[in-house]
Each structure stands twice: as structure tokens, then as C-alpha cells.
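Student: Below: one structure in C-alpha cells.
A short reminder: the numbers here are calculations on the coordinates, not readings from a lab. Since this is a predicted model, take the numbers as computed values, not measurements. Glycine also receives a Cβ, built like all others from the backbone with ideal geometry; neighbour counts cover every protein chain displayed.
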Amino acid sequence: MSAPAKQKDASIPTIPLNARISRWFGRNLISIYAVFGFTYLFIPVAYTFAFSFNDSGKSNLVWKGFTLDNWKNPCGAPEVCEALGNSIKIGLLATIFSTILGTMIAFAIGRYAFKGRSSSNLLIFLPMATPEIVLGASLLSLFLVFHINPGFWPTVIAHVMFCISFVVVTVKARIASLDPRLEQAAMDLYANELETFRKVTLPLVAPGIAGAALLAFSLSFDDFIITNFNSGTLKTFPEFVYTSAARGIPAQANVIGSAMFFLALIIVIAGQFVGKKVKVAK
Amino acid sequence: MTLSKVKMPYLLLLPGFLFLFTFFILPIVNLAQTSTQTPIAGGDTGQYEQTLRFANYLNAFTENKEQFARSFIFALCATILALAIAYPLAYAIAFKAGRLKNFLLVLVVAPFFVSFLLRTVAWKQILGEEGFVVPGLRTLGIISESTTLTSTSFAVIMGMTYNFLPFMTLPLYASLERIDPRTMEASGDLYANGLTTFRKVTLPLSMPGVVAGTLLTFIPAAGDYVNAAILGSPNTKMIGNVIESRYFKIVDYPTAAALSFTLMAAILILVTVYIRKAGTEELV
């Protein structure tokens, strides 16, 4: 395809300049459009990052001058690090439980033909098709019926509940992409079922499980609506941002948001790098 | 097949499904019950008894018709806008990015990690009176002195479009990436121009991604109240805002439950019709 295009390029000098410009735009329209798309995605990220350096005092609304103080003392504002701590604790617990439960379901659905398989798929799809506000509100009603006060554990339960489906979908996709001949080969070499699972299947599915865990953590860490219904007086980081939005968010929140951003970027890029190395080693 | 092999899938499913049954199915059933309760005569606020009062639904709906309509219109606008922005983005990543592909894909997801609330509040400040957009547009004469951008439907729809953009981009990318580029070349060889190739080859082949992306955007957008609360005004209230305030401020659980149930039912019906029409069963 590229060869005929080059032949056309040879005739360009005879075409007037404005036609050449419009042709360049025509050819690169989608890439230009994509640049605009990325700009849109990153404007608020850049804004949040920039205002983490604002020498703002209490409300971080107007630019008042550059300072590194917020980065040196990210816990400087009241409640902010407590909220972050809650979010991390809840996120880790929700990730562990939802990854275990979800991976087991994914293996059942991905590996076995059994009665009720399609209704199992439906049960996994339903929580994803239900608006968060309904999930949050209904769970709160249940807790109220059983006189369970909203707080830390109800929030963990709520997060596990909505993360499971996403874990199942992610791990299931990985299981589906496996070559069944690898397991057959292991069996042919006299590995029993358990050995095959431990030495062949699990290592092959592991990247999918890791991806699902990362997804579960980020969903849990960033969740607001379901959390708001079930956390009671406990405050997670998103709840802290929401409640302080009215009177101005301290710049320390921007520091934490930006730090999370760079941390996640490093983890993802390092993960890809490691993945490549493993592939090369094989 | 041994007996353990027959039992195995059920053993694997058991703990997870027990959990989902207790904390997803049971709450929904309970919500259905709550939705037909009435206040106990002479009781405190927040005390209700089971009466099977289906009039709650009618009242809840007629009182909040406007917010229902707004939720669906806003969600639809945000879905269409997100599709219009995400499709070329996903297309560019899938076919034009070359070695940058994985890096650009990470960039699509990366904004997720700055809390979405921080980003929404950032939009409020960017579009607000002290941001740079409004004074700029005023100087250019595009908007009048009295026009504001925050507290408008525009701001709410823009915020929703923004927040759900990655949910649209990722499934679109996944289905575009799977297309064999040779099918597009073949179309070109058969004298189809770029537009025809797109219309007859690329778009139909990417339909599973379009369906998945629009659902992943529309469903959370219709139930959202955060964008409306931060970027909107009392005039842009969505059904999520009503449910939230019924729960926390008015402690009117039956109405909140009836509204939640109506929202869920409406979405499920729309989704089913949509999947049937779009003709993809692959999703579930």
C-alpha cells in the first residue's frame, strides 16, 4: 500500500501549496484528532499537577505562587492522609478477596462445561449493568435491616462485591487465550492434574490475575458513589475530596493525586518491561 | 469423567456466588421490598412498615419525571460525544501508532489514577470564573460577559463525557485491534474509497467494541450524580442526585428505593433492546 503512495508523492511539486496542505491534513486527520483527544484527557491531570505546587494556603482556587512545601509535607492538611490510609486499606482488602473469589469463578466458567454456565455468566454481568447508585443504595438498605452500621467492613464488602465481576471478566479472557495443548503436553509427560495446574496453568494465567488485581485496586481506590452509601462516618480519599470541594480542596490532595498518577505509570511501565524480559528469556 | 470433575466447577463457584448472592441479589430483593413500604403512623422519621404500596412508584416517578428525562438525555449526549471522541482515538492507537501503541494505551488509562473527583473538581476550576477558559472566550468575543460555563448542562455533559472516555476507548480499541488490516486493503483494492471502506468494512467489524463501549459509558452515566453535583446547578439535577438526597437528607427510603428500582429496570430494558438491535450476543 505504501509503494503507490510514494509514487504519488513524486508528483507533489506540481500541486499548489494549499492543495498539498489540505492533503497532508486529510492523510493525518485521525492522528491530529487523536492529539486533541489526548489533550482533552490530560488537561485536568496537568491542572491537578500544576496546582499541587500552589502556595495556596487553605483553598486551592487561585494561583498564588510556586512552592514545594505541599510535596515536602503531603500530610500537612487535616484528615487528608487519614483518608488516604483508609482508601489504601480498603483497596488492598477488596483486591485480595475479589481476586481470589473472582479467579475461582473465572476458572469454573472458563474451564468447565456444566449445567448453569450461562446463568452464571449472567450473574457476573448483572452487577456491571447495574448503576453504582443502585448497588450502593441497596446494600445500605440491607445493612440497615440487619442493624449493621455503615463503616469500614461494610465498605470493604461493597467493594469486593462490585470488583468480583471485573476480575472474572479479566481472568476469563486470559484463560480463553491459553493454548490447551500446553496442558495436554504436561499430562502426556505424566504430570498429574494438580501438578499441571501448579506448574503450567497457573503461571500462564498469572499475568491475567495480576492485571485483574491491579484493576480491582484502582476501581476500589477511586470509587465514590458506592463508598459514600456504605462508609458512614469513615472517610476515604475520594470522599475527602468531595466533601472538601465546597470549601476548597487543600493542595496536599493534589500532591497525593499526582503521586498516585506517577506511581501507577511507573508500575505499569515496569510491568510491561518485566513482561518483555520474561518473553525474551523464554 | 470422575465425580470430582463434575463437582469441581460448582466448588469453584460456591464461595464467590455465595458472596454475590448475599451482597448483590439479596440487597436488590430487599430494595424491592423497601420500595413498597409506608411510614409507620406516629413513628420517627426513617421508620417504615411493609404495606405493598405500589403507589410509591407512581408518586416517585411523577414527582421526578424531569430528572429521569434529564438523566437519560445527558447520558445519551455524553455517550454520543464520547463515541465521537474515542473512535478516532482508538483507531489512531490501533492503526497509526506503530511502536507507540502500548504507551498510548497506558496514557488512555493513566488519568484514572488521579482520583476522578480531583479531575472533576479541576474541570470546575478550569471552566470557572477564575479559570483561563472563560476570560479567554470572553476576550475573543465567543461568549458574552454574562455567560458562565459552570453550573450549566454543558458542563455536566462535558464532565460525564470526560470521565467515561476511557471506558469507551478501551473496548473500541480492543475490537479495532483485532481487525485484520488486509480486509481494509482488500476493500481498497476493490476500488472502495476511504469512506466506503470505513462504512462497509471497518465499522461493521468494530461493532462489538461500539456496543460494549456505549454500554460501559451509558449505564454509569445514567446513574451518575457526582458530575451534576460538582459541575451543575439545582437546574441540572439528575435522578442520581434525587436518590442520594432522598436517602441521606430526607431519609425517605421507600421513594429512594422505588426510584432506584425504576432506574435499574429502565436501564436493563434499554440495554436488552439495544443489544438485540445491535445484534451482538458476544457481550455476556
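Student: When the helices in chain A are scored as -39500 (n - 2.57) per DSSP H run of 4 or longer and the sum is shared across all residues, what 222 nm value do you end up with, to the nearest 500 deg cm²/dmol?
Tutor: -25000 deg cm²/dmol
Student: If you don't mind, another one. What full-extension length gain, to one decimal in nm, is calculated for A:Tyr112 and A:Glu82 as 0.36 nm per residue of separation minus the Cα-Cα distance?
Tutor: Details: separation 30, 0.36 × 30 = 10.80 nm, distance 4.46 nm.
The A:Tyr112-A:Glu82 span can extend by a further 6.3 nm.
Student: Take peptides B:65-75, A:253-263 and line them up by average Cβ neighbours within 10 Å, highest first, as a rough protection proxy.
Tutor: Packing proxy ranking, top to bottom: A:253-263, B:65-75.
Student: What aspartates and glutamates could a cross-link reach from B:Lys7, if we take a straight Cα to Cα line under 20 Å and drop same-chain neighbours fewer than 8 places away?
Tutor: Result set, ordered by chain and number: A:Glu193, A:Glu195.
Student: Once the mean 1/r over all distinct Cα pairs of the range B:1-158 is inverted, what Kirkwood radius in angstroms do you read off?
Tutor: One decimal place: 22.1 Å for the Kirkwood radius.
Student: Further question: Sort B:159-165, A:20-26, A:200-206, B:19-25 for me by packing, meaning the mean count of neighbouring Cβ atoms within 10 Å per residue, highest on top.
Tutor: The packing order, highest mean first, is B:159-165, B:19-25, A:200-206, A:20-26.
Student: In whole Hz, with x marking every Gly and Pro, tabulate ³J(HN,Hα) for the range B:157-170 from phi via Karplus 6.51 cos²θ - 1.76 cosθ + 1.60, θ = phi - 60°.
Tutor: 5, 4, x, 5, 3, 4, 5, 9, 4, x, 5, 7, 5, 5
Student: When the helix-only estimate is applied to chain B (DSSP H runs of n ≥ 4, each -39,500 (n - 2.57), divided by the residue count), what is the mean residue ellipticity at 222 nm, nearest 500 deg cm²/dmol?
Tutor: Numbers: 14 runs with 188 residues, N = 284.
Dividing the helical sum by the residues of chain B leaves -21000 deg cm²/dmol.
Student: Also, I was wondering about something else. Convex hull over the Cα atoms of the range B:137-252, averaged projected area in nm²?
Tutor: Numbers: hull surface 44.5 nm².
Averaged projected hull area, Cα only: 11.1 nm².
Student: Could you work out which residue, out of B:Ala60, B:Ala86, B:Ala265, moves most in a Gaussian network model of chain B, that is, has the largest mean-square fluctuation with Cα springs under 10 Å?
Tutor: B:Ala265
Student: Report the per residue volume, in Å³, of the convex hull enclosing the C-alpha atoms of the range A:178-274.
Tutor: Dividing the Cα hull volume of the range A:178-274 by its residues yields 139 Å³.
Student: Something else now. Counting residues in the range A:16-71 as N, plug N into 2.2 N^0.38 Å and put the Cα Rg over that result.
Tutor: It is 1.90.
Student: As an exercise, take the mean of 1/r over every pair of distinct alpha carbons in the protein assembly as shown, invert it, and state the Kirkwood radius in angstroms.
Tutor: Taking every pair of different Cα atoms in the protein assembly as shown, averaging 1/r and inverting gives 26.0 Å.
Student: Per residue, what volume in Å³ does the Cα convex hull of the range A:83-169 take up?
Tutor: For the range A:83-169, the hull spanned by Cα atoms encloses 102 Å³ per residue.
Student: Build a GNM of chain B with springs between Cα atoms under 10 Å: which of B:Ser260, B:Ser146, B:Ser245 gets the top mean-square fluctuation?
Tutor: B:Ser146
Student: So, one more: Output ³J(HN,Hα) for the range A:23-37: one whole-Hz value per residue in order, computed from phi by the Karplus curve 6.51 cos²θ - 1.76 cosθ + 1.60 with θ = phi - 60°, and x for Gly and Pro.
Tutor: Listing the rounded values in order: 5, 4, 4, x, 6, 9, 3, 5, 5, 4, 4, 5, 4, 4, x Hz.
Student: For a 31 Å ceiling on Cα separation, which of these pairs sit above it: A:Lys199/B:Lys5; B:Lys124/B:Lys200; A:Lys72/B:Lys124?
Tutor: B:Lys124/B:Lys200
Student: Could you tell me the center-to-center distance, by alpha carbons, between the range A:52-106 and the range A:142-180 in angstrom?
Tutor: Centre-to-centre distance over Cα atoms comes out at 22 Å.
Student: What is the packing order of peptides A:220-233, B:103-116, A:178-191, taking the mean over residues of other C-beta atoms within 10 Å and listing the highest first?
Tutor: The densest-packed peptide leads the list: A:220-233, B:103-116, A:178-191.
Student: Still on this structure: With no other cysteine's Cβ closer than 4.7 Å, which Cys residues of the protein assembly as shown count as lacking a disulfide-compatible partner?
Tutor: Isolated Cys, the protein assembly as shown: A:Cys163, B:Cys77.
Student: Would you mind computing, in nm to one decimal, how far apart the modelled labels at A:Asp55 and B:Lys249 are, each placed 7 Å from Cα along Cα→Cβ?
Tutor: 4.0 nm
Student: If you wrap a convex hull around the C-alpha atoms of the range A:78-249 and split its volume per residue, what is the figure in Å³?
Tutor: Expressed per residue, the convex hull around the Cα atoms of the range A:78-249 is 134 Å³.
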